[in-house]
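Report on one structure; see the data block that follows.
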Amino acid sequence: MLKMTRRTALLLAASIITLSSAASAQESSSEVWTYWGSGAEKQAIESVVALDNQKHPDTEVTHRVIPGNTLEMRRQLQTALLGGTPPTAYQSAMGYELKTFVDADQLASIDSVWKQVKGDEIFPRGLQRVVKIDGKPYAIPLNMGVISNVFYRKDVFDKLGLQPPKTIAEFDAVCDKLAAAGIAPLGNASGPFWSMYNFYAPLLSVLGPDGYFKMAQGEVSFTSPEIRKAFELYRDTFVKHYSKNWSGKTWAQGGDDLVNKDVGMYMMGDWVSAYMKERGLQPGKDYDFFPAPGIGKATLIQVDVIATPKESKTSDNFLLTAASTEAQASFNKYKGSIAANLKTDPSIYDYVGQKEVKQLQASEAENVVLPNLFFLLPTNLGSEMGNQLERFASDPSDATLDTVLKTLEALRLQDKEDDAFVNW
Amino acid sequence: MSITSATPGASRARLVYALFLALPVLLFAVFYLLPVAETILTSFQKWNGLSAHRTWVGLRNYTALFGQERFLHSLINNIKWLIFYLLAPPSLGLALALLLNREIRGETIFKVIFFLPYAIPPVAVASMWRWLYEPSHGLITVVMQSLGLGALAQNWLGNPAIVTYAIMGAALWWTAGFSFIVFSAGLRNLPSECIEAARLDGGNAWQIFWRVTFPLLWPSTIIVLGLSAVDAMRIFDIVWAMTNGGPAYASDVLATQMYDVAFGRLNMGQASAIAVTLLVMAAVFILPYITYMARHVERTEA
């Protein structure tokens, strides 16, 4: 034990030294923190930084990689905020993540930037709702990833004479035909996100878009007949058709299953398209996608935003750049995601991107571009729901369902008591 | 006279000692005692790690934890890891050291090969094994299939019942090299006349190992077991990098749960309560063991 804590102490000392050097570095230049640490993602953010430095040479910023993910970002921000050395701007999730930092009085409202870039006109309305807390905007959305599409092997579908299904019944029939041809119908992967993202389609088909936001606001009981119905529908449309051993795979290994034609379909965020392209597949020819059955006209999105700590000084300029069509085009061209600014020139996208933009525009016309529920629920409930859905997908028995719903409902009531939900 | 003249010198010496001690004591207090105290304090509070506002909640974090299925499961997994770490890597390390302790050709190459995995960072070990354990086309499954054992291949990291043991497999490959090196050095230093004498007295290999070699290796054994126990308590990186504690908490240990609760759910109070539990548990399991072992070494060496 002594040994462990001494090592921890050493680590602490080391990180303090690093931090203080970061702090002294900050006096000369201001930093933008992201966890886009390698490859195309890194190029994407660095192109925005370069553009900003060109536009605003007086408030130069530098990019700093925080290795890891949201969790590591939170950890480092915590230390920086406690130490009074926040970055100029940082990569954040939408929704509850922002709310937590606003409640802690750590985020600056970006009202003037928002007005200047006409935020209310350029971003999808569903997205605007979740970067605003109590009506005030706190972040600039940079990119969107669609998480409600099912990718499928076009060549396999063509060979078996299958059409992309439009309804739950058609989806079920396609699954049966794939299984009869010896191909596992549907891939999935381990972790708290993927089963949950698959679940949104059945959830939306039961609750509808209004009910979806009600759920995000804590107004729908997990023990209500509707939620039970959504879980059962998820079991009967998705879980039933998942490939064997899905729970032992990462999302990329699930993507390999689609590449290798071990599975016929895979419902995953659109980043899997970039992965398949890397593996040598051609979008539109080898694979394609269709909206998840039951989802109606809605499109679900995952979003990265840029937020600015209250203490930072030069943030406005960077935010202005980040919102511009120029920066959004450059960023999303590299990253292979969709620009949050809907005025961005769609010629930057590949086959999948262009098709998704049309899909998003159609959804936007009906005001049903919906942000990922995971980031709208209080953080503890979102995480727990992801884990409970993974558990249910692994063991879809009625007994498990009872436990899952009971666990989630207890947490919802506790969050309700703590006044933790947000009216988005 | 001599006493009075010695006193100023002695006090000067004492001052010098104190000065030399001051820095480590200060560092220890600031970087060890203070964080521990702070963590204990936070474990009685509700705090999201960001807000200036903390609420005193008394024992609520602890009572919530001890009634929680996930926490008890993590606790049991930590105990499993402790048993594993005390038995498996030391046994394998010892076996490998004994195998190589025969002046065989290419000894150095084998030594490097056996020790090399220990030099790989845990995150790299985890991502390598993530591929080895891929349930459809991973190396382990494919090799088992080619040996006709395909029916025994498992959903290694996806089956809640076996995921912890699968990670232990990776950890065994990773850490056995350390025990191996310590035991190798220990074997080198054994007095060869004792073993020679045992052989002349007609002892067989098994008897010589249990009655002579193993007891003489006791100092090495203590080092290996002590450090293994510490490793078991702080087990985090390989589990986190392989499964994040999943699927659905199945491979969670206290440290992964603590990280998730602290930074995944921003519940610093409860995370601190987990840290304090881990501290107490380490004290209960490891301190008596280390004290006993230390005394034993002194006796053996005396």
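No value in this document is a laboratory result; all are computed from the given coordinates. Since the structure is predicted, the reported quantities are computational estimates derived from the model, not experimental observations. Neighbour counts run over all protein chains shown; Cβ positions are idealised from the backbone, glycine included.
What the table shows:
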{"read-out": "Three-way shape label, the range B:14-93, alpha-carbon gyration tensor, a/c 1.5", "value": "oblate"}
{"read-out": "Exposure proxy ranking, count of Cβ atoms within 10 Å, fewest first, for A:351, B:17, A:234", "value": "B:17, A:351, A:234"}
{"read-out": "Rounded FRET efficiency, nearest 0.05, which uses the C-beta distance separating residue A:55 from residue A:347 and R0 of 30 Å", "value": "0.85"}
{"read-out": "Cβ-based exposure ranking for A:38, A:205, in which fewest neighbours within 10 Å come first", "value": "A:38, A:205"}
{"read-out": "Formal net charge of residues neighbouring residue A:341 (Cβ-Cβ distance under 11 Å; K, R +1; D, E -1)", "value": "-1"}
{"read-out": "HN-Hα J in Hz across the range A:162-171 - Karplus 6.51, -1.76, 1.60, θ = phi - 60°, x for Gly and Pro", "value": "9, 10, x, x, 10, 10, 4, 5, 5, 4"}
{"read-out": "Amide H within-cut-off set for residue A:288, under 5 Å, with H built and near neighbours excluded", "value": "A:152, A:154"}
{"read-out": "Helix-only CD estimate at 222 nm, as mean residue ellipticity for chain A, using -39500 (n - 2.57) per DSSP H run (n ≥ 4)", "value": "-16500 deg cm²/dmol"}
{"read-out": "Max mean-square fluctuation residue, GNM over chain B, Cα-Cα springs under 10 Å, options B:209, B:20, B:114", "value": "B:20"}
{"read-out": "J(HN,Hα) series, the range A:270-285, from Karplus relation 6.51 cos²θ - 1.76 cosθ + 1.60, nearest Hz, glycine and proline x", "value": "5, 5, 5, 5, 4, 5, 5, 5, 4, 7, x, 8, 10, x, x, 10"}
{"read-out": "Antiparallel DSSP beta bridges within the protein assembly as shown, as percent of all bridges there, nearest 5", "value": "60 percent"}
{"read-out": "Cα gyration tensor, the range B:243-290 - rounded (a/c under 1.5), prolate or oblate", "value": "oblate"}
{"read-out": "Cut-off under 5 Å, modelled amide H: who pairs with residue B:251 long-range", "value": "B:246"}
{"read-out": "Residue of A:103, A:176, A:345 that the Gaussian network model of chain A assigns the largest fluctuation, springs spanning Cα pairs under 10 Å", "value": "A:103"}
{"read-out": "Cα-centred dipole magnitude for the range B:80-196, charges only on beta-carbon of K, R (+1) and D, E (-1), debye, nearest 20", "value": "200 debye"}
{"read-out": "Amide proton proximity set for residue A:370, modelled H, under 5 Å, gap of 5+", "value": "A:299, A:300, A:301"}
{"read-out": "³J(HN,Hα) computed for each position of the range A:187-197 - Karplus, 6.51 cos²θ - 1.76 cosθ + 1.60, integer Hz, glycine/proline x", "value": "x, 7, 9, 6, x, x, 8, 5, 5, 5, 5"}
{"read-out": "Subset of A:214/A:358; A:277/A:343; A:416/B:46; A:99/A:229; A:277/A:333 violating a 21 Å alpha-carbon distance limit", "value": "A:214/A:358; A:277/A:343; A:99/A:229"}
{"read-out": "Chain B: DSSP helices with Cα axial extent of at least 27 Å and average Kyte-Doolittle hydropathy no lower than 0.5", "value": "B:2-28, B:69-100, B:163-188, B:268-301"}
{"read-out": "Among B:66, B:285, B:28, residue whose mean-square fluctuation peaks in a GNM of chain B (springs only between Cα atoms under 10 Å)", "value": "B:28"}
{"read-out": "Helix-derived mean residue ellipticity, 222 nm - over chain B, DSSP H n ≥ 4, -39500 (n - 2.57), to 500", "value": "-22000 deg cm²/dmol"}
{"read-out": "Gyration tensor (alpha-carbon) shape descriptor, the range A:39-84, a/c threshold 1.5", "value": "oblate"}
{"read-out": "Cα centroid separation - the range B:59-91 against the range A:229-257, whole Å", "value": "30 Å"}
{"read-out": "Net charge contributed by nearby residues that have their C-beta within less than 13 Å of residue B:136 (K/R +1, D/E -1)", "value": "-1"}
{"read-out": "Residue order, fewest to most beta carbons within 10 Å, for A:297, A:285, A:99, A:249", "value": "A:285, A:297, A:99, A:249"}
{"read-out": "Alpha carbon centroid spacing (whole Å) that separates the range A:338-386 from the range A:116-187", "value": "9 Å"}
